1. Of the residues that sit in the range 140-186 and are polar (S, T, N, Q) and farther than 18 Å from residue 92 by Cα, which one is surrounded by the most Cβ atoms within 10 Å (Cβ to Cβ)?
2. Within the range 219-237, is even one residue at pLDDT 90 or above and of a type in the set (Lys, Arg)?
3. Residues 157, 116, 151, 172: which one is within 16 Å of the chain's Cα centre (by Cα), closer than 23 Å to residue 70 by Cβ, modelled with pLDDT under 95 and of a type in the set (A, V, I, L, M, F, W, C)?
4. Here are some conditions: (1) more than 19 Å from residue 235 (Cβ to Cβ); (2) in contact with a Gly (Cβ under 7 Å, 6 or more places away or on another chain). Residue 171 meets all but one. Which one does it not meet?
5. Quick check on my filter: what residues within the range 205-215 are surrounded by 13 or more Cβ atoms within 10 Å (Cβ to Cβ) and modelled with pLDDT of 75 or more?
6. Does residue 236 count as closer than 30 Å to residue 62 by Cα and in contact with a helix residue (DSSP H, G or I) (Cβ under 6 Å, 6 or more places away or on another chain)?
7. Mind checking which pairs have a first residue in the range 70-81 that is among the polar types (S, T, N, Q) and a second that is crowded, with 20+ Cβ neighbours inside 10 Å and modelled with pLDDT of 95 or more, Cβ under 6 Å, 6 or more apart or different chains?
Amino acid sequence: MRSSNPVFSRRGFSRSGGYAGFDAGQQPQAGNPYANNPYAQQQTVGQPYGAPPAAPPQTGRMTMDDVVARTGMTVGLVVVMATVAWITDLALPLAIGAGLVAMVLALVQSFKRKAVPALILAYAALEGLFLGAISNYVDTYIADGAAMQAVLGTMAVFAAVLVMYKTRIIRVTQRFYRFAMAAAIGFVLLMMVNMLFAVFGGGDGLGFRSGGMGILFGIAGILIGALFLALDFKQVEDGISYGAPREESWLAAFGLTLTLVWIYLEFLRLIAILQGND
């Protein structure tokens, strides 16, 4: 099974051939939702379902410190550039252009077989400009304080999912994976249809992003982001336990950044709708 996150979906790992000095000599296990996952582990007797066995420390392998450091760099760059866009009152057309370029860079990195740190950092910088300008606009003209509320909401979701994942309240299984992917695909398709109706029909399209339906879909978007956070945590855990190369920490950071940006934007949209209806 490929990863839930496009960042992990085109990795060069295989159970049969191995990659970068690891992965050789293991065979897929029936019933394991990560049997064909780049970082999947061989299940052992008495081991919880889906939990990867611990791997001995190896030089040049990804560690939690690597993931935290890279994630701090990418998320930190998003925050810094968002602050710059906010302070300089960056024009919306320029911000939208930066957001579109960031989306292209994200797609390019997602389809590459190896991490390109410069590409990931460029994405983070441009995405930060987009988020800063959009947040400034919403905060100024639609919902005062919306940006800070969205930041706090995103942090709360991240902390809650992390705690529930670490305590195994959330268990990433094959059913969990399928549900998350189906929900995300359905959500994105509905948003695309709504956008097409808005572009060619005018107004709010089918109303999925305004009023009562907008609130419902905003909550759904946040919940889907939370599901993907759990999947991202699973990928990081498996990557570390399986001895993935250190460069994979950049991809882990990239995937987490994408998910956090998704959650933040959904919170910002939801708060704008709620306060706009007051």
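The values are calculated or read from the model by the stated rules, or taken from the named source; none is laboratory data. Bear in mind that the values here come from a model prediction, so they are computed numbers and not experimental data. Neighbour counts run over all protein chains shown; Cβ positions are idealised from the backbone, glycine included.
1. So the first thing to find is which residues in the range 140-186 are polar (S, T, N, Q), and the list is 140, 149, 154, 167, 173-174.
Adding the requirement that they be farther than 18 Å from residue 92 by Cα leaves 149, 154, 167, 173-174.
Working: 149: 18, 154: 22, 167: 8, 173: 16, 174: 15.
Among those residues, the one meeting the criterion is 154.
2. Checked the range 219-237: at least one residue is at pLDDT 90 or above and of a type in the set (Lys, Arg).
3. Details: 157 fails: modelled with pLDDT under 95; 116 fails: within 16 Å of the chain's Cα centre (by Cα); 151 fails: modelled with pLDDT under 95.
None of the others qualify; the one that does is 172.
4. Failing condition for residue 171: (1).
5. Applying the first criterion (surrounded by 13 or more Cβ atoms within 10 Å (Cβ to Cβ)) to the range 205-215 yields 205-211, 213-215.
The answer is 211, 213, 214, 215.
6. Values: closer than 30 Å to residue 62 by Cα: yes; in contact with a helix residue (DSSP H, G or I) (Cβ under 6 Å, 6 or more places away or on another chain): yes.
Judged against the criteria, residue 236 is a match.
7. Partner pairs satisfying both residue conditions: 71/253; 71/256; 74/124; 74/253; 74/257.
Conditions tested, residue by residue: (1) surrounded by fewer than 19 Cβ atoms within 10 Å (Cβ to Cβ); (2) polar (S, T, N, Q); (3) within 15 Å of the chain's Cα centre (by Cα); (4) closer than 14 Å to residue 265 by Cβ.
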| site | (1), (2), (3), (4) |
| --- | --- |
| 65 | yes, no, no, no |
| 77 | no, no, no, no |
| 87 | yes, no, no, no |
| 93 | yes, no, no, no |
| 97 | yes, no, no, no |
| 104 | yes, no, no, no |
| 138 | no, no, no, yes |
